[in-house]
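Only the coordinates and a few stated rules stand behind these numbers; no lab work does. Values in this document were obtained by computation on a predicted structure and should not be read as measured data. Glycine gets a Cβ as well: all are built from the backbone with ideal geometry, and neighbour counts include every protein chain shown.
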Amino acid sequence: MTQFLAADELKDACKFCATFARGKVQEQFSRGMIPNANDDTATVTFIEIEGKTYAVTANHVIEGFRAQAAAEGLDPEGYFLPKGSGRYLHPPFVQPPAAIPYARPDIALRPIDPQAVANLDKMIFKVEDITPTFPVAYAVAAGFPTTAKSGASSAPGSQLSMAGFSAVAEGVSSADGDQVQFYSEVASSRLAGDVSGMSGGPVFWSDGTNFGLLGFVKEAMADQSAASGLSSVHFICQRADYQTLADWANYTDRSFPQKRDALNARLAARNRTIS
């Protein structure tokens, strides 16, 4: 089996992403918006392309959070990054349009201040125009599984332990489509449960010399039924080459102000109804 040659910069791939949660402002004073250990969470990745910085996650995560907020009468609602002192992100995240012949990508992004990322003690991955050799035999995926969270009570408030997870995985599908599947076997002791919640995390390729961003985790699944002490982990990667990411970023820059203003109008209308 060919060995995955990881660049040093990818040895801790979780440094480029963070836990992503609903921004429950109603819990601001009781929990500081820190999610409960059993709350649904996902992963957000920080990238720089063409001199601008973005937070990226999976669009189905945004839709899922939106549905939960709507069921509680709280839509529109923001998002919270519970790392360190935390960071509240106002909506919207923007889903890019479809690129024929593919379906609309399971991606959502918004601009983010680079200093906000630094304040979270995270790093921004600078996307370069480097293309891997296809098909990509191996990749490394990173993220923060929902079940890897654990709560703790400590003065002066609530705390949350969030374990990151990364794994080298072998490609099991062709490079012809906009999605690629990867498979990995890891020690079961590395997993606290399943790996849902990694959606939105980065997927990197590397040949030991060059490396780059292949895309983002669309779905992650784990099978811990094996008696060998190993767990099977499957990742589906939403591919994004340099030009695709640049197009998504440009579309976001154009669309973000209008979508933000529309959400602010909805929020104002909701507040008037409540008052």
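Give the calculated FRET efficiency between THR131 and HIS234 to the nearest 0.05, with a Förster radius of 22 Å applied to their Cβ-Cβ distance.
0.35
Quick one: Karplus J couplings for the stretch 90-107, per residue in order, coefficients 6.51, -1.76, 1.60, θ = phi - 60°, nearest Hz, x for Gly and Pro?
Using θ = phi - 60°, the values come out as 6, x, x, 9, 10, 8, x, x, 6, 10, 4, x, 8, 6, 4, x, 7, 9 Hz.
How much length is gained if the chain between ALA71 and GLU170 is pulled fully straight, taking 0.36 nm per residue apart and subtracting their Cα-Cα distance, in nm to one decimal?
Values: separation 99, 0.36 × 99 = 35.64 nm, distance 3.93 nm.
Contour length minus Cα-Cα distance gives 31.7 nm.
Collect residues whose amide H, placed 1.01 Å from N in the peptide plane, falls under 5 Å from the amide H of LEU230; neighbours closer than 5 in sequence don't count.
Excluding prolines and chain starts, which carry no amide H, the hits are SER188.
For the stretch 21-111, which chymotrypsin sites (Phe, Trp or Tyr not before Pro) pass both filters: DSSP loop (anything but H, G, I, E, B) and at most 14 other C-beta atoms within 10 Å? Please list the in-between numbers first.
Details: sites: PHE29, PHE46, TYR54, PHE65, TYR79, PHE80, TYR88, PHE93, TYR102; in loops: PHE93, TYR102.
Answer by residue number: TYR102.
Can you list the HN-Hα couplings for the stretch 231-248, worked out from phi with the Karplus curve (6.51, -1.76, 1.60; θ = phi - 60°), rounded to whole Hz and with x for Gly and Pro?
10, 8, 10, 10, 10, 10, 9, 7, 5, 7, 7, 4, 5, 4, 4, 5, 5, 4
On a full-extension model of 0.36 nm per residue, what is the gain between VAL25 and ASP207, subtracting their alpha-carbon distance, rounded to one decimal in nm? Numbers along the way, then the final one.
Numbers: separation 182, 0.36 × 182 = 65.52 nm, distance 4.42 nm.
Full extension from VAL25 to ASP207 adds 61.1 nm.
Under 20 Å from a point 7 Å along the Cα-to-Cβ line of TYR102: which residues of the stretch 200-222 have their amide N that close?
200-206, 211-221
Among the aspartates and glutamates, select those whose C-alpha is under 17 Å from the C-alpha of LYS83, and discard any that sit fewer than 8 residues away in the same chain.
Excluding near neighbours in sequence, the set is ASP12, GLU27, ASP39, ASP40, ASP113, ASP121.
Check which residues have an amide H placed less than 5 Å from VAL203's amide H, if you skip close sequence neighbours.
Distant-sequence amide H within range of VAL203: LEU214, GLY215, PHE216, VAL217.
Please list, in chain and number order, the residues 5+ apart from ILE112 or on another chain whose amide H is under 5 Å from its amide H, with Hs placed from the backbone.
Hits under the 5 Å cutoff: THR53, TYR54, ALA55.
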